[in-house]
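Reading through the structure tokens given below for one structure.
Every number here is computed from the coordinates shown, using simple stated rules; none is lab data. The model shown is predicted, which means the values in this text are computed figures rather than measured ones. Please note: Cβ atoms are built from the backbone with ideal geometry, for glycine as well, and neighbour counts cover all protein chains shown.
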Amino acid sequence: MDGNPGVRAPSMAELAEQIAGRMRAYAENPEHPDLVGKPEGNPVQIRPAFPDAAAFTERLVQGVQANAQRYAEGVRAPRKHFLDAAKASNAAWKNGVQAAVAGDRFLAGLNKVNPDEAIETAATLGAQSYVPGVTGRRAKIQRIMTEVAPAMAAAVGTVRNLPANTDADREARAIAMIRASRAVGLSRRGGK
């Protein structure tokens, strides 16, 4: 790595501003290339920056249905002991909780809950296993992804516009993608 000190990842606030600009562009143009890709072209057709809500939901449900056995195998043979890993992340959990409290994210998240949907999901699925738990939430996943998918397309499109000529540039892009994803999450949930 060249460690170029002049290269920095954009802040969450800068990324949020750029993402908001892209969201306005998407509202003005539902056929924006970030949303639809470049379905026709020579020599390569390009996918959207992030799948739309319906495609995301369908791929998730198909993947869960196809990999139920792998999920069970993974639970029975984890890479880490879940309890030891949870204990080791205690400081990170505290920091996250403090940030959530400072940003009033708990209440902001609760304000996004559809109580009828939550009650119906719990009553229908109860303590059933992983696959029915996800497939039973198809409508909820798609509803949420209707908000998240265009915002993630804006985030990915924003980060893709950053330079990637050096290792430092690429590291800044990686950090920017993390920050952009956080900004999308915070904007959806509300809070600070």
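Below are the figures for this structure:
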{"item": "Residue among VAL113, VAL36, VAL61 with the largest mean-square fluctuation in a Gaussian network model of the chain, springs linking Cα atoms under 10 Å", "result": "VAL113"}
{"item": "In the range 79-167, trypsin sites (Lys or Arg not before Pro) in a DSSP loop with at most 12 other beta-carbon atoms within 10 Å", "result": "ARG79, LYS80, LYS112"}
{"item": "Overall form of the range 1-108 per C-alpha gyration tensor (a/c, 1.5; a/b vs b/c)", "result": "oblate"}
{"item": "Gyration tensor verdict on the range 3-52 (Cα atoms; rounded if a/c is under 1.5, prolate if a/b is larger than b/c, oblate otherwise)", "result": "oblate"}
{"item": "Top of ALA27, ALA49, ALA86 by mean-square fluctuation, Gaussian network on the chain, Cα under 10 Å", "result": "ALA86"}
{"item": "Viscosity 1.306 mPa s, 10 °C: Kirkwood-radius Stokes-Einstein D of the chain over Cα pairs, µm²/s", "result": "81"}
{"item": "Residue-averaged [θ]222 nm for the chain, counting only DSSP H segments that reach four residues, each worth -39500 (n - 2.57)", "result": "-21500 deg cm²/dmol"}
{"item": "Estimated dipole of the chain in Debye, rounded to 20 [Cβ of Lys and Arg +1, of Asp and Glu -1, Cα centre]", "result": "560"}
{"item": "Candidates LEU83, LEU110, LEU35, ranked by Gaussian network fluctuation over the chain, Cα under 10 Å, top entry", "result": "LEU83"}
{"item": "The chain: relative contact order as a whole-number percent, Cα under 8 Å and 6+ apart", "result": "44"}
{"item": "Tensor-based shape of the range 65-112 (alpha-carbon gyration tensor, a/c under 1.5 rounded, otherwise prolate or oblate)", "result": "oblate"}
{"item": "For the range 40-70 versus the range 91-114, the gap between their alpha-carbon centres in whole angstrom", "result": "30"}
{"item": "Where Rh is the Kirkwood radius over Cα pairs, Rg/Rh for the range 46-144", "result": "1.03"}
{"item": "Trypsin sites (Lys or Arg not before Pro) within the range 1-65, DSSP loop, no more than 15 other Cβ atoms inside 10 Å", "result": "ARG8"}
{"item": "Listed residues ALA55, ASN114, SER89: farthest to the positive end of the dipole of the range 11-135 (Cβ charges)", "result": "SER89"}
{"item": "Stretch in the chain that is longest and holds no GluC sites (Glu not before Pro) that DSSP places in a loop and that have at most 16 other beta carbons within 10 Å", "result": "41-192"}
{"item": "Unit charges on C-beta of K, R, D, E only; dipole of the range 54-160, Debye", "result": "400"}
